[in-house]
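*Asks:* Right, I'll just put the structure down here and ask away after.
The values are calculated or read from the model by the stated rules, or taken from the named source; none is laboratory data. Computed from a predicted model, the values in this text were never measured in an experiment. Here Cβ is always computed from backbone atoms with ideal geometry, including for glycine, and neighbour counts include all displayed protein chains. Ligands, DNA and RNA are excluded from the accessible area calculation, which covers all protein heavy atoms including side chains. Shrake-Rupley method; radii C 1.70, N 1.55, O 1.52, S 1.80 Å.
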Amino acid sequence: MGEPRHVDAMLDYIQDIWLQFFPEEFLKKGGIPYRVFLADSIYWDRGWGKTPYNYRVNGNALIVGGMNKDLTTMDAATKKARKNELLGAMWDYYIAQGLLNVPDEFYKNTDYEKMPLLPSMGEEALEAYRKRGFLPSAYYGETPSEWFWGDYAWTQAKENDLKSFMFHLRERTDAEVAWFLNNPEYELIQKKWNILIDYYKKEFGIDLRKMGNTTFE
């Protein structure tokens, strides 16, 4: 467990990377799990070594690590990475608990039946893939990584599609997503993007773009 002398800094930390992004009413109705443990460190002792974690979700409890002197020296990149990691975990928790759901409209105009050409097959195939409404699932540096890499991935196209949009909404800044929002050829991507933004703001008071655009000094 963390030392009590670090509790004020820890409360500021979880406010910055988690709580500030959700309305008070949502947090009171289950957005804060029944138990939240503020820990110095979290690890799994396997006997031959310890595996560290920044957080763990266990049933209706959340453990957040880092309640120590390192909070005051954490750099902006690390804090942003912790924000992205914890928000992703809590979003999954909220979905599992029934506190959030996914709008059916998001899937409405996307063809999940006819398999596209692999986007890795060249520029023409990649452009056709984008025009069908699909985004990368990750980046290695500035190089995008696509979730559709073969037949098996396509069997989970709906899930992968949603995850790729939520990744961009929660983690990427306006400057980082301008390449598809400003391209008139990517109309379906833009439509799906706005559906998610509008739905979570209207139904739950959650501003997804605040999550993506928040950076730290």
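*Asks:* Rg and Dmax of the range 14-56 over Cα atoms: what are they, in angstrom?
*Replies:* Rg and Dmax of the range 14-56, Cα atoms, are 14.2, 45 Å.
*Asks:* Another question, if that's okay. Could you please tell me the mean projected area of the C-alpha convex hull for the range 160-201, averaged over all directions and given in square nanometres to one decimal?
*Replies:* Values: hull surface 11.8 nm².
Across all orientations, the range 160-201 yields a mean hull projection of 2.9 nm².
*Asks:* So what's the convex hull volume per residue for the Cα atoms of the chain, in Å³?
*Replies:* Per residue, the Cα convex hull of the chain comes to 158 Å³.
*Asks:* Here's something else I'd like to know. Kindly rank 7-19, 176-188 from highest to lowest mean number of other beta carbons found within 10 Å of each residue.
*Replies:* Highest mean packing first, the order is 7-19, 176-188.
*Asks:* So, one more: When all C-alpha to C-alpha distances in the range 1-127 are sorted into bins of 10 Å, what percent of pairs does each bin hold, rounded to whole numbers?
*Replies:* All Cα pairs, binned at 10 Å, distribute as 10, 32, 26, 17, 13, 2 percent.
*Asks:* If you wrap a convex hull around the alpha carbons of the range 22-91, what volume per residue comes out, as a whole number of Å³? Provide the component values of the computation, followed by the final result.
*Replies:* Details: hull volume 8.1 nm³, N = 70.
That works out to 116 Å³ per residue.
*Asks:* Given the DSSP H assignment, sum -39500 (n - 2.57) over each helix run of at least 4 residues in the chain and divide by its residue total; what's the result at 222 nm in deg cm²/dmol, nearest 500?
*Replies:* Result for the chain: -13000 deg cm²/dmol, rounded to the nearest 500.
*Asks:* Moving to a separate point now. Once you list every other residue whose beta carbon is under 15 Å from the beta carbon of E203, what net charge do they have if Lys and Arg are +1 and Asp and Glu are -1?
*Replies:* Charge balance near E203 sits at -2.
*Asks:* A further question follows. What does the charge count near A77 come to, summing +1 for each Lys or Arg and -1 for each Asp or Glu among other residues with Cβ under 15 Å from its Cβ? If you can, show how the numbers build up before the last one.
*Replies:* Working: positive: K79, K80, R82, K83, R172; negative: D16, D70, D75, E85, E171, E176, E217.
With Lys, Arg at +1 and Asp, Glu at -1, the neighbours total -2.
*Asks:* To continue, here is another question. Over the chain, with the other protein chains present, what is the accessible area per residue in square angstrom, probe 1.4 angstrom? Don't skip to the answer; put the middle values down first.
*Replies:* Numbers: 12380 Å² over 217 residues.
Per residue, the chain has an accessible area of 57 Å².
*Asks:* Related question: Tally Lys/Arg at +1 and Asp/Glu at -1 over every other residue whose Cβ is under 15 Å from the Cβ of V64; what's the total?
*Replies:* Summing Lys and Arg as +1 and Asp and Glu as -1 gives -2.
*Asks:* A further question on this structure: Need one number for the range 90-217: average projected area of the convex hull over its C-alpha atoms, nm². Please report the intermediate quantities before stating the final value.
*Replies:* Details: hull surface 34.9 nm².
Over every viewing direction, the Cα hull of the range 90-217 projects on average to 8.7 nm².
*Asks:* Let me have the relative contact order for the range 37-111, percent, based on Cα pairs under 8 Å that are six or more residues apart.
*Replies:* On the way: 58 pairs, mean separation 17.5, N = 75.
This gives 23 percent for the range 37-111.
*Asks:* About its Cα centre, what dipole magnitude does the chain give when the only charges are +1 on Lys and Arg Cβ and -1 on Asp and Glu Cβ, stated in debye to the nearest 20?
*Replies:* That gives a dipole near 540 debye.
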